[in-house]
Each structure stands twice: as C-alpha cells, then as structure tokens.
Amino acid sequence: QVQLVESGGGLVQTGGSLRLSCAASGSIFSINDMGWFRQAPGKQRELVAIVTSGGTTNDADSVKGRFTISRDNAKNTVYLQMNSLKPEDTAVYYCYANIRPTRLVREYDYWGQGTQVTVSS
C-alpha cells in the first residue's frame, strides 16, 4: 500500500508564509511527478504546482513568484513553500504523486488526505 501524508497547513495572515510537506511511503518502486492541487469551497480542484522526477517544475499562473515546489527524491517527499499568501489562496491543499508500486505493475495516481490552508485578511 502507498500512502501520502501531508503536514504544514494552518491559519496565517495575508502576506504570511507556510510550508507544506508530503511524504510518500509504502510499496514504492519509482515516483514520477509529484505535486500539489487545491480546492476552495464551491470550486473545482485545481493544479497549484507540479515537479517531475528530474526537477522540472510547472506552476499555476496564480502562484508564480510566490510559491515554490521542490522535492527530495531520497525521502520521497515533496514540499510547497508558500509566501505572500492571499485570502484567495484559502483552500484544502492535496498532495499528488504518480507512483509505480513495484517493477511488475504500471504507475498509479495517489492523493493525500488534504490539509487546510486559511489566509485571513
């Protein structure tokens, strides 16, 4: 079984910073893309940022210059450093990873349980 466990959410004032972490554990042969999505109340889940196994990143326009995604392949962990937070960043943030559990099977998409980020004005 593969698990993604997130940490680091919380309540912060406008302009503040938070750092999210997500560690993958369990049966893991290889990990391809890792990333973060978010879902605000009444809205669809949207991509925030994604990073390939080689370190190439892709960020949503709404977070460019404020959020930085990174990963530690040795720890199977992805991070999201969020600076200059705005009230519109308030959402549940979900960790994502495309993982091949064993050498004998294909890759699957896995999701974390979500962590709440609330930015007060």
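The values are calculated or read from the model by the stated rules, or taken from the named source; none is laboratory data. Please read all numbers here as calculations on a predicted model, not as lab measurements. We place every Cβ from the backbone using ideal geometry, glycine too, and count neighbours over all the protein chains shown. These area figures cover heavy atoms from the full protein model, side chains too; ligands, DNA and RNA do not enter into them. Shrake-Rupley method; radii C 1.70, N 1.55, O 1.52, S 1.80 Å.
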**OP:** Mind checking the full-extension length gain between Thr56 and Gln39? Use 0.36 nm per residue of separation minus the Cα-Cα distance, one decimal, nm.
**Re:** 3.8 nm
Subject >> Accessible surface of the stretch 68-114, 1.4 Å probe, proportion on carbon and sulfur as whole % >> reply: 46
Original post:
Top mean-square fluctuation among Gly42, Gly55, Gly26, Gaussian network model of the chain, C-alpha springs under 10 Å?
Top reply: Gly42
Original post:
Taking the Cα centre of the chain as the origin, how large is its charge dipole in debye, to the nearest 20, when only Lys and Arg (+1) and Asp and Glu (-1) carry charge on their Cβ atoms?
Top reply: 140
Original post:
Kirkwood hydrodynamic radius (Cα pairs, Å) of the chain?
Top reply: 14.5
Original post:
Any idea of the accessible area per residue across the stretch 17-121, 1.4 Å probe, to the nearest Å²?
Top reply: 52
Original post:
If you average the sequence gap of Cα pairs under 8 Å that are 6 or more apart and divide by the length of the chain, what percent do you get for the contact order?
Top reply: 36
Original post:
Given the Cα-Cα distance of Ser121 and Val2 and 0.36 nm per residue of separation, how much length would full extension add, in nm?
Top reply: 39.1 nm
Subject >> Listed residues Phe37, Phe67, Phe29, most fluctuating in the chain (Gaussian network, C-alpha, under 10 Å) >> reply: Phe29
Subject >> Three-way shape call for the stretch 71-118 based on the alpha-carbon gyration tensor, with the a/c threshold at 1.5 >> reply: prolate
**OP:** Please find the FRET efficiency linking Ser17 to Gln113, where r is the Cβ-Cβ separation and R0 is fixed at 35 Å, and quote it to the nearest 0.05.
**Re:** 0.95
Original post:
Considering the zone a paramagnetic label at Thr68 would reach in this model (a point 7 Å from Cα along the Cα-to-Cβ line), which residues of the stretch 77-121 have amide N under 20 Å from it?
Top reply: 77-86
**OP:** Take the Cβ-Cβ distance between Lys86 and Ser30 as r, set R0 to 41 Å, and report the resulting FRET efficiency rounded to the nearest 0.05.
**Re:** 0.70
**OP:** Return the single residue from Arg71, Arg19, Arg103 with maximal mean-square fluctuation; model: Gaussian network over the chain, springs between Cα atoms under 10 Å.
**Re:** Arg103
